[in-house]
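Beneath this line is the structure, given in structure tokens, with notes to follow.
The values are calculated or read from the model by the stated rules, or taken from the named source; none is laboratory data. Treat the numbers as computed from the prediction; the structure is a model and nothing was measured. Don't worry about glycine lacking a Cβ; one is built from the backbone with ideal geometry, like all the others, and counts go over all protein chains shown. When the accessible area is computed, the model is the full protein with side chains, heavy atoms only, and any ligands, DNA or RNA have been set aside. Shrake-Rupley method; radii C 1.70, N 1.55, O 1.52, S 1.80 Å.
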Amino acid sequence: MGRIETLSKIKKTGLVAVIRGDSIEQAERITEACIEGGVAAIELTFTVPKAHKLIEYMADKYGSKGDIIIGAGTVLDSETARIAILSGAEYVVAPYFDEGTVRLCNRYGIPSMPGVFTPTEAVRAAEAGADVLKIFPGDVATPAFIKSVLGPLPQFDMMPSGGVDVNNVGAWIKAGAIAVGAGGSLTGSAKTGDYKAITEKAKLFIEKINEARGL
């Protein structure tokens, strides 16, 4: 899937599942539960042990189908970004803006989503070539941040992550977010082994996103 197609898919579905886990096996089960619930964009974070192997496995499993997008998260530098991309990641998400990472993603034609928290960071990331600005941490920024920044800078695509849940996801979308990243609020029940609850929560997230979009 090309860069434009990947971004279009993320915007269309509106939900990126942020996958963390204590092992590859647990992260894989969380991923499958999210996909079963209708999530199309999966962010496999580098906090998972041997994350590049999980990215490679999931990219091989779903890459040819075109309906599931496998990305990499918690990418802290360009070296890690390259590992992720060579492992099959179709987009790269970072908790902060690192110009080298964005430049490398552009070199490979892979969408980058660096974390920003101020208008200055947002502009610098956009000027460097970032595709989507990840508003992080979202629970501190609040939906009002996106609405305010989009006033003078309506050309930016923004996606909050951190603190997004089914109770506030609608507010984020209505404020102008093109999508949201959901981690613990979506996958937290994995700690007790309840993967079915993850599937049901994913369905509820998508329902709330569609309601906010008037669909």
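The table below lists the values:
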{"item": "Glu5 surrounded by fewer than 18 Cβ atoms within 10 Å (Cβ to Cβ) and either in contact with a Cys (Cβ under 7 Å, 6 or more places away or on another chain) or modelled with pLDDT of 95 or more (or both)", "result": "no"}
{"item": "Sole residue being within 22 Å of Gly170 (Cβ to Cβ) and either aliphatic (A, V, I, L, M) or buried (at least 16 other Cβ atoms within 10 Å of the Cβ) (or both), chosen from Gly21, Gly37", "result": "Gly37"}
{"item": "Single condition Glu79 does not satisfy, out of (1) farther than 20 Å from Glu207 by Cβ; (2) touching a residue at least 24 places away in the same chain (Cβ under 8 Å)", "result": "(2)"}
{"item": "Of residues in the stretch 46-62 being open to solvent by 60 Å² or more (accessible area, probe 1.4 Å) and not in a loop (DSSP other than H, G, I, E, B), the one farthest from Ala84 (Cα to Cα)", "result": "Lys61"}
{"item": "Unmet requirement for Gly163, which otherwise passes all of (1) farther than 17 Å from Thr74 by Cβ; (2) not in a helix (DSSP H, G or I)", "result": "(1)"}
{"item": "Residue match in the stretch 70-92 (condition: part of a loop (DSSP other than H, G, I, E, B) and modelled with pLDDT under 95)", "result": "no"}
{"item": "Filter pass, Asp98 being farther than 28 Å from Cys34 by Cα, open to solvent by less than 80 Å² (accessible area, probe 1.4 Å) and touching a helix residue (DSSP H, G or I) at 6+ places or on another chain (Cβ under 8 Å)", "result": "yes"}
{"item": "Qualifying position, being touching a residue at least 40 places away in the same chain (Cβ under 8 Å) and in contact with an Asp or Glu (Cβ under 8 Å, 6 or more places away or on another chain), among Gly73, Gly100, Gly109, Gly88", "result": "Gly73"}
{"item": "Any pair with Cβ under 8 angstrom, 6 or more apart, that starts in the stretch 120-131 at a residue that is surrounded by 20 or more Cβ atoms within 10 Å (Cβ to Cβ) and ends at one that is part of a helix (DSSP H, G or I)", "result": "Ala122/Val149; Ala125/Val102; Ala130/Val102; Asp131/Arg3; Asp131/Leu7"}
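Residues checked against (1) assigned to a loop (DSSP other than H, G, I, E, B); (2) of a type in the set (Ser, Thr, Tyr):
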residue	(1), (2)
Thr101	no, yes
Thr120	no, yes
Ile146	no, no
Leu153	yes, no
Phe156	yes, no
